[in-house]
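Asker: Got a structure for you, written out below as structure tokens; questions coming shortly.
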2 protein chains.
Amino acid sequence: MSARSAALAWESLFRAQVHLMRQFEAAKDFRPLSSREYDVLFTLSGSEAPMRLRDLNAHVLLSQPSLSRMVDRLAAAGLVRRSTADDDGRGVLVCLTGAGAQLQKEIGRRHVRSIAALIDPVLTEEEQAVLTELTGKLKSAAGGGGPSARSVGGPSAGSVGSAGEEDR
Amino acid sequence: MSARSAALAWESLFRAQVHLMRQFEAAKDFRPLSSREYDVLFTLSGSEAPMRLRDLNAHVLLSQPSLSRMVDRLAAAGLVRRSTADDDGRGVLVCLTGAGAQLQKEIGRRHVRSIAALIDPVLTEEEQAVLTELTGKLKSAAGGGGPSARSVGGPSAGSVGSAGEEDR
DNA sequence: CAGAACTTCATGCAAACGCATACACTTTGG
DNA sequence: CCAAAGTGTATGCGTTTGCATGAAGTTCTG
């Protein structure tokens, strides 16, 4: 019977995500990027050290080949830089360029305003905190994504925004 | 300052959605469909009467042309049927065929198990209810999506699953 | 230390997507 | 009642995506 409850929660979570994302895209929050491209820049902005392609791929809802090519395009646009990991010959490291970091911040600031404009009117600050906590727990649900062991202290260090400043 | 809180909530919500969806896709929950195709069948399954294309489009994160072509493909596969609205010559109505409804149920059952398997271990039933409520409120955030006026009592009637049975 | 098994990333290719726009129908205003 | 504006869907076209697979590097095993 609790399957029903879980299914309802997922359905509601999913629809809320769709609805909000739709608004953000209608408001052109991410221009001149796509939301997925911004997601990559944002994720990179949250990491001090360059990030492995496979770690990036864990955060983004994209297949590995698609991410590989997206990073190509972002590099061609001068927003990120690629290099090969020295401790692992097959690994590819990605980091933001100056232009990439700047664009991310610019979009981020705009986006945070959009987020607040939609969420603040319908959820109190306390409710927002509860939502953050509950969805946070969901991320620890089984699979490869959780706060597991991989890569000593690099990528997953301070994973929330460059300093809690702007946001995705 | 509450912008920070809202941004954190959205970031967390979004990442949770990505993480869970990734698991569902890895588990091949939606096969032989894509998650987006299933989403369309699921949405249709929640509506008694045939649904207008534009109403469908409000629920799915897809551009109008993409949805139009997806419905083409689903119709070609015998899963949905198209017809023209009699009260509006340009409107297109879509409904499930028998095969479509059956496939939706089949996938739905599998999917609900997946959902429960991931969520039940990390959220109590009460927490799940809270999550449902908070995300439900988010759907009423400004835009075209909320429980607004459009189309008398048809599509948006019993919008949660065919009987609260299975899920997206 | 050689070879099998595994991991990580790139590439060929067909399918699917979004944007801009055209088309059909409906409603509005004179 | 007719033109103008508006709404709902389809189509052309270039781009992006995913799947299957290949190539390069690493780790495990005997």
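Asker: Can you tell me which residue in the range B:22-52 is nearest to A:Thr135 (Cα to Cα), limited to those that are in contact with a Ser or Thr (Cβ under 7 Å, 6 or more places away or on another chain) and assigned to a helix (DSSP H, G or I)?
Answerer: Here the residue is B:Phe24.
Quick grid of which residues meet (1) closer than 16 Å to A:Gly46 by Cβ; (2) surrounded by fewer than 20 Cβ atoms within 10 Å (Cβ to Cβ); (3) of a type in the set (S, T, N, Q); (4) more than 15 Å from the chain's Cα centre (by Cα):
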position: A:Leu61; (1), (2), (3), (4): no, yes, no, no
position: A:Gln64; (1), (2), (3), (4): no, yes, yes, yes
position: A:Ser68; (1), (2), (3), (4): no, yes, yes, yes
position: A:Arg82; (1), (2), (3), (4): no, yes, no, yes
position: A:Gly89; (1), (2), (3), (4): no, yes, no, yes
position: A:Lys105; (1), (2), (3), (4): yes, yes, no, no
position: A:Ile119; (1), (2), (3), (4): no, no, no, yes
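Asker: Using the structure shown, decide if A:Ser45 is of a type in the set (Ser, Thr, Tyr) and within 16 Å of DNA strand D (Cβ to nearest atom).
Answerer: no
Asker: As an exercise: evaluate B:Leu61 against (1) facing another protein chain (nearest Cβ under 7 Å); (2) touching a Leu at 6+ places or on another chain (Cβ under 9 Å) and give the number of the one condition it does not meet.
Answerer: Among (1) facing another protein chain (nearest Cβ under 7 Å); (2) touching a Leu at 6+ places or on another chain (Cβ under 9 Å), B:Leu61 violates only (2).
Asker: Quick one: A:Ala117 ticks every box in (1) farther than 28 Å from B:Ser35 by Cβ; (2) assigned to a helix (DSSP H, G or I); (3) within 16 Å of DNA strand D (Cβ to nearest atom) bar one, so which box is it?
Answerer: Answer for A:Ala117: the failing condition is (3).
Asker: Turning to a different aspect of this structure: Looking at (1) hydrophobic (A, V, I, L, M, F, W, C); (2) under 21 Å from A:Arg31 (Cα atoms); (3) assigned to a helix (DSSP H, G or I), which is the one condition that is false for A:Leu131?
Answerer: (2)
Asker: Here is a follow-up. List the pairs whose first member sits in the range A:32-44 and is free of Cβ contacts under 8 Å to residues at least 24 places away in the same chain and of a type in the set (Gly, Ala, Ser), whose second member is assigned to a loop (DSSP other than H, G, I, E, B) and more than 11 Å from DNA strand C (Cβ to nearest atom), and whose Cβ atoms are under 9 Å apart, counting only residues at least 6 apart or on separate chains?
Answerer: Going by the 9 Å Cβ cut-off, the qualifying pairs are A:Ser35/A:Asp29; A:Ser35/A:Arg168.
Asker: Okay, moving on. Out of everything in the range B:91-103 that is assigned to a helix (DSSP H, G or I) and crowded, with 17+ Cβ neighbours inside 10 Å, what residue ends up being farthest from DNA strand D (Cβ to nearest atom)? Steps first, answer last, please.
Answerer: Start the filter on the range B:91-103 by keeping residues that are assigned to a helix (DSSP H, G or I), which leaves B:98-103.
Next, only the ones that are crowded, with 17+ Cβ neighbours inside 10 Å stay: B:100-101, B:103.
On the way: B:Gly100: 17, B:Ala101: 21, B:Leu103: 18 Å.
Among those residues, the one meeting the criterion is B:Ala101.
Asker: Looking at A:Ser12, A:Ser114, which is the one that is on the phi < 0 side of the Ramachandran plot, more than 10 Å from DNA strand C (Cβ to nearest atom) and in contact (Cβ under 8 Å) with a residue 60 or more places away in the chain? Don't jump to the end; show me each part of the working.
Answerer: On the way: A:Ser12 fails: in contact (Cβ under 8 Å) with a residue 60 or more places away in the chain.
Of A:Ser12, A:Ser114, the one residue that is on the phi < 0 side of the Ramachandran plot, more than 10 Å from DNA strand C (Cβ to nearest atom) and in contact (Cβ under 8 Å) with a residue 60 or more places away in the chain is A:Ser114.
Asker: Could you please find all residues in the range A:51-90 being more than 9 Å from DNA strand D (Cβ to nearest atom) and acidic (Asp, Glu)?
Answerer: A:Asp55, A:Asp72
Asker: May I pose another question? Yes or no: B:Ala141 more than 14 Å from the chain's Cα centre (by Cα) and at pLDDT 95 or above? Talk me through it step by step, then tell me what you get.
Answerer: Working: more than 14 Å from the chain's Cα centre (by Cα): yes; at pLDDT 95 or above: no.
Judged against the criteria, B:Ala141 is not a match.
Yes/no matrix, rows are residues, columns are (1) farther than 18 Å from A:Arg113 by Cα; (2) near DNA strand C (Cβ under 10 Å from one of its atoms); (3) surrounded by fewer than 18 Cβ atoms within 10 Å (Cβ to Cβ):
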site: A:Gln17; (1), (2), (3): no, no, no
site: A:Gln23; (1), (2), (3): no, no, no
site: A:Asp29; (1), (2), (3): no, no, no
site: A:Asp39; (1), (2), (3): no, no, no
site: A:Met51; (1), (2), (3): yes, yes, no
site: A:Arg73; (1), (2), (3): yes, no, yes
site: A:Leu79; (1), (2), (3): yes, no, no
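Asker: Would you call B:Leu53 within 14 Å of chain A (Cβ to nearest Cβ), of a type outside the set (Ser, Thr, Tyr) and farther than 14 Å from B:Ala99 by Cα? Let's see the steps before the verdict.
Answerer: Working: within 14 Å of chain A (Cβ to nearest Cβ): no; of a type outside the set (Ser, Thr, Tyr): yes; farther than 14 Å from B:Ala99 by Cα: yes.
Considered against the rule, which asks whether it is within 14 Å of chain A (Cβ to nearest Cβ), of a type outside the set (Ser, Thr, Tyr) and farther than 14 Å from B:Ala99 by Cα, B:Leu53 comes out as no.
The values are calculated or read from the model by the stated rules, or taken from the named source; none is laboratory data. Given the structure is predicted, the values throughout are model-derived calculations rather than measurements. Note that each Cβ is placed from the backbone with ideal geometry, even for glycine, and that neighbours are counted across all protein chains shown.
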